Amino acid sequence: MYFVGTCGDLGVGIRSSEEETPLKYVALGFHHDPDPEIFDSALAIPEFGKLIRLNYRFGSRKIFDGDYMSSQRYLVCAADTGFVAEPVPQCEGGTLFDLNSEQNPHAFIFTPGGIDHGGWLFGGACGIWPTMSVQAKELSKRYFAALTKGFKTAIGKKRTGGKERYKIGPEALTMLRSGAILRTVEAMEIYLPERAV
């Protein structure tokens, strides 16, 4: 379930969804603290709507050197449930704590997308995978429906050569029609079907 929208486009749906079902968000991936910061709204996340520069290390090995831009991904679940962090001992000592979808089947993955340093707008996604609970799948579908209410349909190219439907928000649509560059989660081109131009 893919979308592309500005903070203004997404904010309306996020507020609506969070009013219907109180939620909480935590960054997906490795953390130094077993209790990382949890947000009660996507709009409270400091880097929401911006791509972040990744600079990951595993021990002494650098994975991304800061030249890779990405939208942070978040686990999202109902506010009355918690997140499970898996401890991962490190070869060089210490422990990192992995917040992942396998340990949290009651949550879905939300990738908000955002603006990169060059002003390109990248799309996002609400992820569904086979090991998710039925409740998490339903929560993800309701969230996506609220998030993209009033959006139009656009097409995003896939690296494999296929196409994917994207819901595009009003502000993002105006940007696209005025010549701005919009990209999919995979950094491929987003365009309008001829009937939507």
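The values are calculated or read from the model by the stated rules, or taken from the named source; none is laboratory data. Because the structure is a prediction, the values reported are computed rather than measured. Counting neighbours? That spans all protein chains shown, and the Cβs are built from the backbone with ideal geometry, glycine included.
Here are the numbers for this structure:
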quantity: Positions within segment 138-154 being part of a strand (DSSP E or B) and either charged (D, E, K, R) or at pLDDT below 85 (or both), in sequence order; calculated: 152
quantity: Meets criteria (outside any strand (DSSP E or B), closer than 22 Å to residue 13 by Cβ and modelled with pLDDT under 90) for residue 135; calculated: no
quantity: Some residue of segment 171-178 being within 30 Å of residue 78 (Cα to Cα), in a loop (DSSP other than H, G, I, E, B) and under 17 Å from the mean Cα position of the chain (by Cα); calculated: no
quantity: Filter pass, residue 157 being of a type in the set (Lys, Arg) and touching a strand residue (DSSP E or B) at 6+ places or on another chain (Cβ under 8 Å); calculated: yes
quantity: Cβ pairs under 6 Å, 6+ apart, first in segment 172-194 and closer than 13 Å to residue 3 by Cα, second assigned to a helix (DSSP H, G or I); calculated: 172/9; 182/176
quantity: Positions within segment 99-147 being charged (D, E, K, R), touching a residue at least 12 places away in the same chain (Cβ under 8 Å) and under 18 Å from residue 24 (Cα atoms), in sequence order; calculated: 102, 137, 141, 142
quantity: Output for segment 100-123, where each listed residue is at negative phi and crowded, with 23+ Cβ neighbours inside 10 Å; calculated: 104, 107, 108, 110, 112, 121, 122, 123
quantity: Candidate set from segment 117-154 (those that are within 12 Å of residue 5 (Cβ to Cβ) and of a type in the set (D, E, K, R)); member that is nearest to the chain's Cα centre (by Cα); calculated: 149
